[in-house]
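The values are calculated or read from the model by the stated rules, or taken from the named source; none is laboratory data. As the structure is a computational prediction, the values presented were derived from the model and not from experiment. Here the Cβ positions follow ideal geometry from the backbone for every residue, glycine too, while neighbour counts run over all protein chains shown. Each accessible area value is taken on the protein alone, full model and side chains, heavy atoms only, with ligands, DNA and RNA left out. Shrake-Rupley method; radii C 1.70, N 1.55, O 1.52, S 1.80 Å.
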Amino acid sequence: METLIRIVQLIFALSILILVHEAGHFLFARLFRIRVEKFYLFFPPAIFKFKPKGSDTEFGIGCIPLGGFCKISGMIDESMDREQMESEPQPWEFRSHPAWQRLLVMVGGVLMNFVLALVLYCAICFTWGEQYLRTEDAIYGVEVSDLASEIGFRSGDIPLKFGDTPVPDNFALLQTNLVYSGATSATVLRDGDTVTFPIDQVYLPAMINSPGMFGLRAPLAVASVPDSSINAAAGMMVGDHFGTVEGRSVRFYPELRSVLEARAGEAITMQFVRDGADLEIPLRVGDDGKIGVGLAYVSDSIVVTNRDYSLKESIPAGWNMALSSLQNYMKDLGLIFRPETKAYKSVGSFISIGSIFPASWDWEIFWRLTAFLSIMLAVLNILPIPALDGGHILFTLFEILTGRKPSQKFLEVTQVIGMLLLLMLFFLAMGNDIMKLLR
């Protein structure tokens, strides 16, 4: 059921993005009286199609949910309709219109995706606002992964700067900021002292492809004591703060896990803090290294920042979100096109995209992901690659600047080359996803 919910969310989001994108091409084409022969959500064969009375356009839904298309008369596209292109140009065809009009038709899809993302981000700010943990409020510092530890970070560090740039205000962006900054050093507050250490850029590929370098470090409390627990009658209560075991601190999760795994199958005495008073409770550690209780962070150790926006305030806030998403995705692409970063290993197909949706339906998360995917679609389509909108835009700009229109043969050849490049990218993405599934 969880997989089905993710698939439904993915198809719904893609449907919105594709319809909006193709509508951009369609609307500009009709504005300039250019005929649109077909407007399809998803690729043929069609499972539904119709042609309104008096319209030149066939509308339909295909059965292959990998995209969509808007077939414009007199334009070299993925349909490779050579017969039409070899006939005499007609007034309603794309090729018969001025270059500036053709440019707007090609820009229309990308423009509509940017507009959609902006509208969604503004609506998100107005409806749900923002909720995040500020880096400065993570007063106990970070819990680090093995990779972060190897690079030089330590659990309990409070990051201050990556290179010469202060760390981001949002705690969740620490790792991405470290990657984007290309910093060769980090400055942290460690045990009350300011420490600066070098970061070897040889770790950059691992930092890109290994999420979870920094976790929140906060003291633990008992969240639940199930009746089935081996320590159900030991005397622990919900809200008890973890303290020590035989003088060793177990206030934080890695410390607790380490001690319990070392004492698996044994009896221990653990010190807790309850309502400000210390108490010792004898416990049994299971053979699996667990004591049978639910864990939670101490409630007052985490200060979550909530920001609500009025309708007027949501517009600039949404704009900033959209701009930030655009800038970050551009940086992601920059890393992918640098082979030494091995960021190409993180390129994913629809499998990866589907996996980022939650297993249960959450409208806020759905619209946030849809807005970001709209930014992604816009950026990818505007890349100057033949067969993408960006390739057509590049050739049209060349025509406007030089007064020379590329030949039909040239456009056909570059269209084929572009389609082959996209096919190779698709197989790379699918291969990455398959390798992840096999691990």
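Quick one: which of 157, 137, 146, 164 is surrounded by 19 or more Cβ atoms within 10 Å (Cβ to Cβ) and more than 20 Å from the chain's Cα centre (by Cα)?
Just a single option satisfies the conditions, and that option is 157.
Identify, please: which residue in the stretch 387-422 is farther than 17 Å from residue 25 by Cα and not in a helix (DSSP H, G or I) and is, among those, most open to solvent (accessible area, probe 1.4 Å)?
Among residues in the stretch 387-422 that are farther than 17 Å from residue 25 by Cα and not in a helix (DSSP H, G or I), the one most open to solvent (accessible area, probe 1.4 Å) is 404.
Which condition number in (1) at pLDDT 75 or above; (2) closer than 16 Å to residue 10 by Cβ; (3) surrounded by 14 or more Cβ atoms within 10 Å (Cβ to Cβ) is the one that residue 361 fails?
Residue 361 satisfies all of (1) at pLDDT 75 or above; (2) closer than 16 Å to residue 10 by Cβ; (3) surrounded by 14 or more Cβ atoms within 10 Å (Cβ to Cβ) except (3).
Got at least one residue in the stretch 249-263 being open to solvent by 60 Å² or more (accessible area, probe 1.4 Å) and among the hydroxyl-bearing types (Ser, Thr, Tyr)?
yes
Enumerate the pairs (first residue in the stretch 382-409 and farther than 21 Å from residue 71 by Cβ and touching a residue at least 60 places away in the same chain (Cβ under 8 Å); second residue anywhere and open to solvent by 80 Å² or more (accessible area, probe 1.4 Å) and of a type in the set (Phe, Trp, Tyr)) with beta-carbon separation below 7 Å, excluding pairs fewer than 6 apart on the same chain, so at least 6 apart or on different chains.
If the second residue must be open to solvent by 80 Å² or more (accessible area, probe 1.4 Å) and of a type in the set (Phe, Trp, Tyr), the pairs left are 400/100.
Would you check if there is a residue in the stretch 280-295 being under 30 Å from residue 381 (Cα atoms) and not in a helix (DSSP H, G or I)?
No, every residue in the stretch 280-295 fails to be under 30 Å from residue 381 (Cα atoms) and not in a helix (DSSP H, G or I).
Determine whether residue 79 is within 28 Å of residue 376 (Cα to Cα), among the hydroxyl-bearing types (Ser, Thr, Tyr) and at pLDDT below 85.
Answer is yes for this residue.
What is the number of the single condition among (1) without any contact (Cβ under 8 Å) to a residue 12 or more places away in the chain; (2) part of a helix (DSSP H, G or I); (3) farther than 21 Å from residue 144 by Cα that residue 314 does not meet?
For residue 314, the exception is condition (1).
Tell me which of these residue 326 doesn't satisfy, since it passes every other one: (1) modelled with pLDDT of 80 or more; (2) open to solvent by 90 Å² or more (accessible area, probe 1.4 Å).
For residue 326, the failing item is (2).
Which of (1) out of contact with any strand residue (DSSP E or B) (no Cβ under 6 Å at 6 or more places or on another chain); (2) surrounded by fewer than 13 Cβ atoms within 10 Å (Cβ to Cβ) does residue 176 not meet, given it meets every other one?
So the condition that residue 176 fails would be (2).
For the stretch 111-128, enumerate the residues that are within 19 Å of the chain's Cα centre (by Cα) and either surrounded by 19 or more Cβ atoms within 10 Å (Cβ to Cβ) or over 16 Å from residue 369 (Cβ atoms) (or both).
If the condition is that a residue be within 19 Å of the chain's Cα centre (by Cα) and either surrounded by 19 or more Cβ atoms within 10 Å (Cβ to Cβ) or over 16 Å from residue 369 (Cβ atoms) (or both), then 113, 114, 115, 116, 117, 118, 120, 121, 122, 124, 125 are the ones that fit.
What is the residue count in the stretch 220-246 for residues that are out of contact with any helix residue (DSSP H, G or I) (no Cβ under 9 Å at 6 or more places or on another chain) and without any contact (Cβ under 8 Å) to a residue 24 or more places away in the chain?
Within the stretch 220-246, residues that are out of contact with any helix residue (DSSP H, G or I) (no Cβ under 9 Å at 6 or more places or on another chain) and without any contact (Cβ under 8 Å) to a residue 24 or more places away in the chain number 3.
Applying the selection to the stretch 264-273, what residues are under 16 Å from residue 284 (Cα atoms), part of a strand (DSSP E or B) and open to solvent by 40 Å² or more (accessible area, probe 1.4 Å)?
267, 269, 271
Just to be sure, is residue 234 aliphatic (A, V, I, L, M), open to solvent by less than 70 Å² (accessible area, probe 1.4 Å) and assigned to a loop (DSSP other than H, G, I, E, B)?
For residue 234, the condition - aliphatic (A, V, I, L, M), open to solvent by less than 70 Å² (accessible area, probe 1.4 Å) and assigned to a loop (DSSP other than H, G, I, E, B) - is met.
Among the residues of the stretch 108-147, which ones are small (Gly, Ala, Ser) and under 20 Å from residue 177 (Cβ atoms)?
Hits for the stretch 108-147 are 138, 141, 145.
Does residue 85 satisfy the criteria of being more than 18 Å from residue 33 (Cβ to Cβ), part of a helix (DSSP H, G or I), hydrophobic (A, V, I, L, M, F, W, C) and modelled with pLDDT under 95?
Here the answer is yes, as residue 85 does meet what is asked.
Are any of the residues in the stretch 91-104 at negative phi, without any contact (Cβ under 8 Å) to a residue 40 or more places away in the chain and polar (S, T, N, Q)?
Yes, that holds for at least one residue.
Among the residues of the stretch 10-67, how many are open to solvent by 60 Å² or more (accessible area, probe 1.4 Å) and assigned to a helix (DSSP H, G or I)?
Summing the residues that are open to solvent by 60 Å² or more (accessible area, probe 1.4 Å) and assigned to a helix (DSSP H, G or I) in the stretch 10-67 gives 6.
For the stretch 96-136, which residues satisfy the criterion of being among the charged types (D, E, K, R) and out of contact with any helix residue (DSSP H, G or I) (no Cβ under 8 Å at 6 or more places or on another chain)?
Residue satisfying the conditions is 136 alone.
Are any of the residues in the stretch 247-258 in a strand (DSSP E or B), without any contact (Cβ under 8 Å) to a residue 40 or more places away in the chain and of a type outside the set (A, V, I, L, M)?
yes
Looking at 285, 304, which is the one that is without any contact (Cβ under 8 Å) to a residue 40 or more places away in the chain and among the β-branched types (Val, Ile, Thr)?
Of 285, 304, the one residue that is without any contact (Cβ under 8 Å) to a residue 40 or more places away in the chain and among the β-branched types (Val, Ile, Thr) is 285.
Can you spot a residue in the stretch 211-228 that is surrounded by 18 or more Cβ atoms within 10 Å (Cβ to Cβ), assigned to a loop (DSSP other than H, G, I, E, B) and of a type in the set (Ser, Thr, Tyr)?
Among the residues of the stretch 211-228, not one is surrounded by 18 or more Cβ atoms within 10 Å (Cβ to Cβ), assigned to a loop (DSSP other than H, G, I, E, B) and of a type in the set (Ser, Thr, Tyr), which makes the answer no.
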